[in-house]
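Following: one structure in structure tokens, then a few remarks.
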Amino acid sequence: MAVGIEIRRATHDDYEGVAAFTETLWEDRGGDYIPEIYHDWLEDEDESHKKTFVADAGDAIAGIVQAVLVSPDEAWFQGMRVNPDYQRQGLSGRLNDACFEWAREQGATVGRIMIFSWNAASLGAARTSGFEPTTEFRMAHPEPDPDASGPNPVSNDPAAAWRYWTHSDAREHLQGLGLAPEETWAVRELTREDFLAFGDDRDDDTAVFSVERDGNGVGAAYRVRSYERENDDGETETWAEYGVSAWDDIDAARSLLAALSRDAAALDADRTRVLIPETTAVVSDASYAGVSIAEEPDFVLAAALGGGE
């Protein structure tokens, strides 16, 4: 156990200390995102829905993590990093404990994290800290295409999309989780009110999609956001992000993914990201439909914070 290391709220003045050990992480996988977004990532002092913690070793920052409230009783923990010079000293557990305590104070009963499937060290540390396996997903990337088509009609009816979602195998596999509108790269439990909000014509940033066949729903998805970001060449690209995509069979998959391609094209998006359940059927359906998919899945783990899961 590290002695003399303080767990406290992160500040903008900690940037150099955080960047010193994060900017060289995962270089073989494109690098860590935290140095690029650190100042925008931090909460303002008057914000109460999230809090960022650092492990302060005095002459160095030994670790960092952020906790975010994504619903009245669900917390999301992200950006956990431990300085290699301070590993194996119990810091990930202390940072997690700080997140747990903060989340309980906000009324959360469950806290979740996402870990890349290749990150074996973080997976082991998460289990040691009390997180349990929840689900896994993968990202698909249909190309924006105004002429994409599929065999089944697709509507923008939020009630139909919600009805399909409630009975879908995808919902069972994902335990009701989809990308959260409150925070990028976070998931939470989806509600009927979410689908109605996503389908509100007054919100140009979101949309819902329902695949129909013979009067029955056979697929559903929603767009959670669109945004701009720089690529590796320093060029600005527009992304369209879809919070979940579920279907019954390959025809429904082709129809739904084509609808997302048309939608992305209408937004003048350059790239897309679509969350799909990590199952053999769904992942192979997406590939069979001609859509590129991420090389590896992401894992979601959860920790009960008292009275919840």
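Assuming 0.890 mPa s and 25 °C, estimate D for the chain with Stokes-Einstein, Rh taken as the Kirkwood radius over Cα pairs, in µm²/s. It diffuses with D of about 120 µm²/s by this estimate. Ligands, DNA and RNA aside, residue 6 has an accessible area near 100 Å² when probed at 1.4 Å. For the chain, the Cβ-based charge dipole about the Cα centre amounts to some 1120 debye (Lys, Arg positive; Asp, Glu negative; other atoms uncharged).
Given axes a ≥ b ≥ c from the Cα gyration tensor, I'd like to know whether the stretch 211-309 is rounded (a/c under 1.5), prolate (a/b larger than b/c) or oblate. The shape class here is oblate.
On the principal axes of its alpha-carbon atoms, the stretch 193-264 has extents of 47, 28, 16 Å, going from largest to smallest.
Please give me the summed charge of the neighbours of residue 285: other residues whose Cβ is under 13 Å from its Cβ, Lys and Arg +1, Asp and Glu -1. Intermediate results must be reported in sequence, preceding the final value.
Values: positive: 138, 254; negative: 169, 248, 249, 251, 278.
Computed value for this residue: -3.
Roughly what angle does helix 158-167 make with the longest principal axis of the chain, taking Cα atoms, 0 to 90 degrees, to the nearest 10? Roughly 70 degrees, rounded to the nearest 10. Normalised per residue, the accessible area of the stretch 1-98 is 51 Å², obtained with a 1.4 Å probe and no contribution from ligands, DNA or RNA.
From the C-alpha gyration tensor of the stretch 1-126, pull out the three semi-axes of the equivalent ellipsoid (sqrt of 5λ each), sorted largest to smallest, in whole Å. Kindly include the intermediate steps, with their values, before the conclusion.
Details: eigenvalues 90, 56, 49 Å².
Semi-axis lengths for the stretch 1-126 are 21, 17, 16 Å.
Rounded, prolate or oblate: which one fits the stretch 141-208, using the alpha carbon gyration tensor with axes a ≥ b ≥ c (rounded when a/c is under 1.5, else prolate when a/b beats b/c, else oblate)?
rounded
Run the helix sum for the chain: -39,500 (n - 2.57) per DSSP H stretch of 4+ residues, divided by residue count, reported at 222 nm to the nearest 500 deg cm²/dmol.
Numbers: 9 runs with 89 residues, N = 309.
The per-residue figure over the chain is -8500 deg cm²/dmol.
For residue 104, neighbours were defined as the other residues whose beta-carbon sits under 11 Å from its Cβ, and their charges (Lys and Arg +1, Asp and Glu -1) total -4. Here the accessible area of the stretch 103-154 is 49 percent carbon and sulfur, with a 1.4 angstrom probe and all protein chains present.
The residue list 25, 41, 84 was ranked by how far each Cα lies along the charge dipole of the stretch 20-94 toward its positive end, using unit charges on Cβ atoms, and 84 comes out on top.
The values are calculated or read from the model by the stated rules, or taken from the named source; none is laboratory data. Given the structure is predicted, the values throughout are model-derived calculations rather than measurements. Glycine gets a Cβ as well: all are built from the backbone with ideal geometry, and neighbour counts include every protein chain shown. Accessible surface areas use protein heavy atoms only, side chains included; no ligands, DNA or RNA. Shrake-Rupley method; radii C 1.70, N 1.55, O 1.52, S 1.80 Å.
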